[in-house]
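Down below is the structure, laid out as structure tokens.
The values are calculated or read from the model by the stated rules, or taken from the named source; none is laboratory data. This is a predicted model, so every value here is computed, not measured. Note that we place each Cβ from the backbone using ideal geometry, even for glycine, and neighbour counts take in every protein chain shown. With ligands, DNA and RNA removed, areas are computed over all heavy atoms of the protein, side chains included. Shrake-Rupley method; radii C 1.70, N 1.55, O 1.52, S 1.80 Å.
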Amino acid sequence: MNNTFDLQRFGLLLSKHTKENARTYLLSLAVLMAILSSLLTFATFANDGYLGPHVQATFYLVFKVLSGAMFTSVIFSDYGSKKKAIPLLTLPVSNLERYLVSWIYSYVIFQVLYTLCFYFIDFTVLSIANLTAVQKNEVVNIVTVEDSKFFPGLMIFTFIHSIFFIGAIFFEKLHFIKTGFVFFASVLGLILLNAPLLQIIFGGHAEFSAPFDSMRILESGNTIELHPSPATVYIPWILIAVMSLILWVGAYFKLKEKEV
Amino acid sequence: MIKLSNLSFGYSKNALLFKNLNLELQVGHIYGLLGKNGAGKSTLLKNIAGLVFPLDGACQVNGHDAAARLPSFLQELFFIPEEVYLPALNARGFVGSSGQFYPSFDHAGFYNMLEEFEVPADKMLNKLSFGQQKKVMIAFGLATNTGTLIMDEPTNGLDIPSKVQFRKIIAAALTDNRCIIISTHQVRDLDSLIDSLVVVHNQEIVLNKSLEEISEKIQFSTAVQAKKADILYQEDGDFGINTISINRAENYSKVDMELLFNAITNKSQAVTSYLN
């Protein structure tokens, strides 16, 4: 018997998870669709029945990140309840299979369903608006839209997902609030620490600046400005990818060590 | 076989619940696990099921390290907790989604037990009463046919007729390849059911003996029937003074588990020392 991963066992677990949570997931999806349609309708008709592709793409991304974070934050919530965690942890499946079911649901299935729902609502709202609009609407292609934010958007979603994914298994209750608090506290800490750190590394007087971006140092009355070279533009994205991977791996080990 | 070797466990290192615990449980037996409230009965069972990890020592079940929670270990163990959770599915749906993980799952046996417990198979399980949910879980646990079946306070929430059915069903479920452990604080519920007794007290396993071994060594009688010099423990009962005395004549007497438990957990060391 393969104690690490067995495709048949994984399929059974995925199917069990789906059967037992389908109702809650469908209800959540319905709520998300209702909020999204209300806001898209309001935005379209508040602008004389026109919604530009960039606005549509922004709606897509902002709602994906927000609703994705909320959904991911509760993906392990059953492990926080003693009553529910015991049957989950004693079910004959491996920790990797348990982990993958939650990861696939919150990262892959969520994005697919969200995208389908978004397009369905976007298409419906814009079709209705086009009946009377002077300037006709076109449904945005989120991948090819001019000045596409598809890749950065995907990276941001991945990073936020990994944060709320580890928060979901780390905290037992109020996952979304607690994870959000830790995340914002860490970002604030990083921003506040950036200038003193730069000062230690470069000497002189480092002015306040955002991490991984341009910096200004005041030395002997001269201000030295350093800008990232075009070659380093990918560093933040690589950092985000590495951080996401670390957090995903961390969530696996936290699940493996889960006690009830 | 379940083997605990020098197992130490505590929710913090400064407050140990068990220290250097050693215990061996064999297949073919129904063990009754007794202990006062807070003695750590449930925690001991959770160590065996791999739900909590020892701070020191090891817990092995059929050669598997329980804490690793490998599928090969879990498909041979079923744990029925004191508070059960069932999803919003009917019995058929539940068996369909969960029974397949256990290679020896007995579908017919499950439905027969539900019928015996008078639990409707078509109702949503999460809408059933606590007692009925418990019966579904007991039936499911028995139907998994795992080598190790652990039940934490299984009779809590069961009415009197159901407790009788429970005893009958459990007694019939024991095979030579199965080890059943039942933890309870309602000693009388285990009457005529268990064949071995494990008592947890003061961070230790103070007793792990079969009822046969116990009744060979000590006898339970009223003060009038017992030899005064052989009395190890006595307490007031409804019909006079009940005693535990040395069984010199090798007379068989039914083990009064409640009296024995009181004798072990009260400050008197005589019974524990004599039995061990």
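Each label point was placed 7 Å from the Cα along the Cα-to-Cβ direction; for B:Thr222 and A:Leu26 their separation is 6.7 nm.
Placing unit charges on each Cβ (+1 for Lys and Arg, -1 for Asp and Glu) gives segment B:59-144 a dipole about its Cα centre, and among B:Gly109, B:Pro87, B:Leu142 the Cα reaching farthest toward its positive end belongs to B:Pro87.
Taking 13 Å as the cut-off, the amide N atoms of segment B:165-206 that come nearer than this to a point 7 Å along the Cα-to-beta-carbon line of B:Ser104 belong to B:173-180.
Kindly provide the helix-only [θ] at 222 nm of the protein assembly as shown, computed as the sum of -39,500 (n - 2.57) over DSSP H runs of four or more divided by all residues, to the nearest 500 deg cm²/dmol? Don't skip to the end; give the middle numbers.
Values: 17 runs with 252 residues, N = 536.
Result for the protein assembly as shown: -15500 deg cm²/dmol, rounded to the nearest 500.
In this view, the solvent-accessible surface of A:Val187, computed with a 1.4 Å probe and all protein chains in place, comes to about 60 Å². In segment B:2-201, Cα pairs under 8 Å separated by at least six residues give a relative contact order of 31 percent. Between A:Val182 and A:Leu39, the simple label model (points 7 Å from Cα in the Cβ direction) yields a spacing of 2.6 nm. Taking every residue in B:81-91 and counting other chain Cβ atoms within 10 Å of its Cβ, the average works out to 4.
To the nearest whole number, what is the average tally of beta carbon atoms from other chains within 10 Å of the beta carbons of peptide A:79-92? Intermediate values should be presented prior to the final figure.
Numbers: counts 0, 0, 2, 5, 6, 3, 3, 11, 11, 1, 7, 13, 7, 17.
That works out to 6 on average.
Summed over all non-identical Cα pairs, the Kirkwood treatment of chain B gives a radius of 19.8 Å.
Determine the gain in length on full extension of the stretch A:Val143-A:Lys84; use 0.36 nm per residue of separation and subtract their C-alpha separation, reporting nm with one decimal.
Details: separation 59, 0.36 × 59 = 21.24 nm, distance 4.02 nm.
Net length gain for the segment: 17.2 nm.
In percent, how large is the relative contact order of chain A, given Cα pairs closer than 8 Å and 6 or more residues apart?
Values: 254 pairs, mean separation 59.6, N = 260.
Worked out over chain A, it gives 23 percent.
Note that the protein assembly as shown shows a convex hull volume over its alpha carbon atoms of 210 Å³ per residue. Could you tell me how far the Cα centroid of segment B:218-264 sits from the Cα centroid of segment B:82-123, in Å? Centre-to-centre (Cα) distance: 43 Å. Ranked by the mean number of other Cβ atoms within 10 Å of their residues, highest first, the peptides A:92-103, B:224-235, B:29-40, A:248-259 come out as A:92-103, B:29-40, A:248-259, B:224-235. With R₀ set to 35 Å, the beta-carbon distance separating B:Ala249 from B:Met1 gives a calculated FRET efficiency near 0.50.
What does the accessible area per residue of segment B:2-201 come to in Å², with a 1.4 Å probe and no ligands, DNA or RNA counted? Could the numbers behind the result be given before it?
Numbers: 7580 Å² over 200 residues.
With all protein chains present, segment B:2-201 gives 38 Å² per residue.
To the nearest 10 degrees, how steeply does helix B:107-116 sit against the main Cα axis of chain B, on a 0 to 90 scale? Compared with the principal axis, the helix lies near 60 degrees. Potential lengthening of the chain between B:Asp65 and B:Glu258 amounts to 66.1 nm, from the contour at 0.36 nm per residue minus the alpha-carbon distance.
Look at the dipole of chain B built from charges on Cβ: of B:Gly63, B:Asn208, B:Cys179, the Cα furthest out on the positive end belongs to B:Gly63.
With a cut-off of 17 Å, note down the residues of segment B:191-221 whose backbone N falls inside the zone around a label point 7 Å from the Cα of B:Ala270 toward its beta carbon. B:217-221, by backbone N distance to the label point. Its convex hull of Cα atoms gives segment B:211-275 a direction-averaged projected area, equal to a quarter of the hull surface, of 4.0 nm².
Could you compute the FRET efficiency for A:Val55 and B:Gln186, with r as their C-beta to C-beta distance and R0 at 51 Å, rounded to 0.05?
Values: r = 66 Å, r/R0 = 1.29.
The pair A:Val55/B:Gln186 has a calculated efficiency of 0.20.
Summarising the label geometry, the points placed 7 Å from Cα in the beta-carbon direction at B:Lys127 and A:Leu245 lie 5.0 nm from one another.
Here A:Lys173 and A:Thr124 are evaluated by their C-beta separation; at R0 = 25 Å the FRET efficiency comes out at 0.10. For A:Thr115 and A:Thr132, the difference between the fully extended length at 0.36 nm per residue and the C-alpha to C-alpha distance is 3.5 nm. Only helices reaching 27 angstrom along their own axis (Cα) with mean Kyte-Doolittle hydropathy no lower than 0.5 count here, and for the DSSP H runs of chain A these are A:7-46, A:53-73, A:110-130, A:150-170, A:175-202, A:235-256.
Express in % the proportion of alpha carbon pairs of segment B:26-113 at distances exceeding 21 Å.
Details: 1734 of 3828 pairs.
So the portion of pairs separated by more than 21 Å is 45 percent.
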